[in-house]
Amino acid sequence: MFETTSGVLQGAVESPAIFTVFFDTILRIFMQKCQEQHVKGLTFDYRIPSTASTRTQRMQDKLSGTRSIFYGGYCDDVFAMFSSLEDLKTATAIFENICKNFGLTICVVNTKTMILNYQELKIDENRSKKSKKKKKKSKYPKTLVKINGSDIENVSTFKYLGVKVDKSDYKTGKTEINYRINCANFKFIKMKHIFQNNNIKMKVRLIYYNAYVRTRLCYGAQVWNLPQKLRNKIRKVHTKHLRTMVRGGFERRGGARELRDEVGYNWKWVYTYSRLLNICKTDAVLDFCDFQRAKWISHVIRKDNDSAVKQLLFEVSQTTRSGRTTSSLDQLLDVTRQYDMSDSLVYKSSVARSFMLELKEKDVEFVPKHHGDSDDIQQEYFVQ
């Protein structure tokens, strides 16, 4: 390290690059100090199939092993993960001292902690097995660590890079999906004067809808692994938006509203969901989400074998929950196997940048059928 006596103007081009190098140095020192004091981060085992990498990648990095992740983040929004409270306290003290040495101050107000997979029910150890007493609820801790003498709030939900993380949902769950739906509905109502204006062509209105509403509804869909109940919830919101945009979208086959109290009234919609998609010339929202996830997984498979994202994709110690598959990768492979695509073919075509074209040739259900989205398939294949 060396001392500098001059700097750059705020907003200058050099500023973010210099800050990135500066902050990356701090994080590397932090990781080294944690390893010296035997602080354990997020540890997992991975096993990458040989067909999911090139010969050069296999020569440079190994296909299986164990990795520990201490931190991650974007710019100065950093998060750290530890397996025990003692490691968290030790790492917090280490990071606080490093920041002081480099002239940085940690913002206590914006710094939060969270216990993932926290068990709210705690069994009384003194009671016998035959006792019928109810389980006692353990209170969620309000604080775990201190920085600069101030208590850091221990939250149950936290918004990080636009995504709401909940302590009970180790993957995308009800909290995040409800937040996505609220954001999409708020923007749809705010721009209702455009979406319900029949003087504007449907094609133009769909461009605005996909840019302002669908992006909010499907934000982060590349890594979603949702049970069918939450997938249906996303689909219902999208259906409601399309019905609002189509003239007579809420009409029933039974006729006028005045007849709905009569016995035998036909409550079926005049326009089904597939009919609405044809009128609007758009794709189903779940197909769009699955297509984005397939593109993302194909992109991750092409990464080097030392990439943390690729190693997490092929983690071998993943757990399951009722109503969903093990991981996003397994969910994609379950679909491709139905179209006679082996797992090795998926990996090889992803490495060769032809996976999206393979899906199109197999006519996989979630591949976009309209011209506006089909260009993405060609772009994913030809851009290096």
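The values are calculated or read from the model by the stated rules, or taken from the named source; none is laboratory data. Computed from a predicted structure; not experimentally measured. With ideal geometry, Cβ positions are generated from the backbone for all residues, glycine too; neighbour counts draw on all protein chains shown. Calculation scope for accessible area: heavy atoms of the full protein, side chains included, ligands and nucleic acids excluded. Shrake-Rupley method; radii C 1.70, N 1.55, O 1.52, S 1.80 Å.
Here are the numbers for this structure:
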read-out	value
Apportionment of accessible area to carbon and sulfur, region 189-272, percent (1.4 Å)	52 percent
Accessible surface, 1.4 Å probe, highest first, among residues His241, His299, His193, His38	His38, His193, His299, His241
Spin-label model distance (nm) - Lys112 vs Glu251, 7 Å beyond Cα toward Cβ	4.7 nm
Label-point separation in nm, Asn101 to Asp343, each point 7 Å along Cα→Cβ	4.5 nm
Accessible-area composition of region 7-83, carbon plus sulfur, in percent [1.4 Å probe]	53 percent
Per residue, in Å², the accessible surface of the chain once ligands and nucleic acids are set aside, probe 1.4 Å	63 Å²
Two-decimal log10 I(q)/I(0) for region 246-362, as the Debye equation yields it once each C-alpha is a single scatterer, q = 0.14, 0.16, 0.21 Å⁻¹	-0.74, -0.84, -1.18
Dipole in debye (nearest 20) - the chain, about Cα centre, beta carbon charges: Lys, Arg +1; Asp, Glu -1	2160 debye
Over the chain: helical MRE at 222 nm, DSSP H runs n ≥ 4 each giving -39500 (n - 2.57), nearest 500	-13000 deg cm²/dmol
For region 14-82, diffusion coefficient by Stokes-Einstein and Kirkwood Rh (Cα), 20 °C, 1.002 mPa s, µm²/s	148 µm²/s
Using a Förster distance of 51 Å, the FRET efficiency for Trp269-Lys89 (Cβ separation, nearest 0.05)	0.35
Largest-first principal axis extents, alpha carbons of region 183-318, Å	65, 36, 25
Highest-MSF residue in the chain out of Ala91, Ala308, Ala211 [GNM, Cα springs under 10 Å]	Ala211
Relative contact order of the chain, defined on C-alpha pairs under 8 angstrom at six or more residues apart (%)	16 percent
Pairwise label distance in nanometres, Asn182 with Thr56, each label 7 Å out on the Cα-Cβ vector	4.8 nm
Geometric extent, Cα atoms of the chain - Rg, Dmax (angstrom)	25.5, 85
Stretchable slack from Lys139 to Arg28, in nm (0.36 nm times residue separation minus alpha-carbon distance)	36.4 nm
Beta bridge orientation in the chain: antiparallel %, DSSP, nearest 5	95 percent
Cut-off 12 Å between beta-carbons: net charge of the residues surrounding Ala221, Lys and Arg +1, Asp and Glu -1	+3
Extension gain, Ala12 back to Phe44 (0.36 nm per residue minus Cα-Cα distance, nm)	7.5 nm
Highest-MSF residue in the chain out of Cys289, Cys75, Cys280 [GNM, Cα springs under 10 Å]	Cys75
Computed lengthening from Glu262 to Ser354, 0.36 nm per intervening residue step minus Cα-Cα distance	27.5 nm
Part-to-part distance (alpha-carbon centres) for region 174-244 and region 47-75, which is given in Å	36 Å
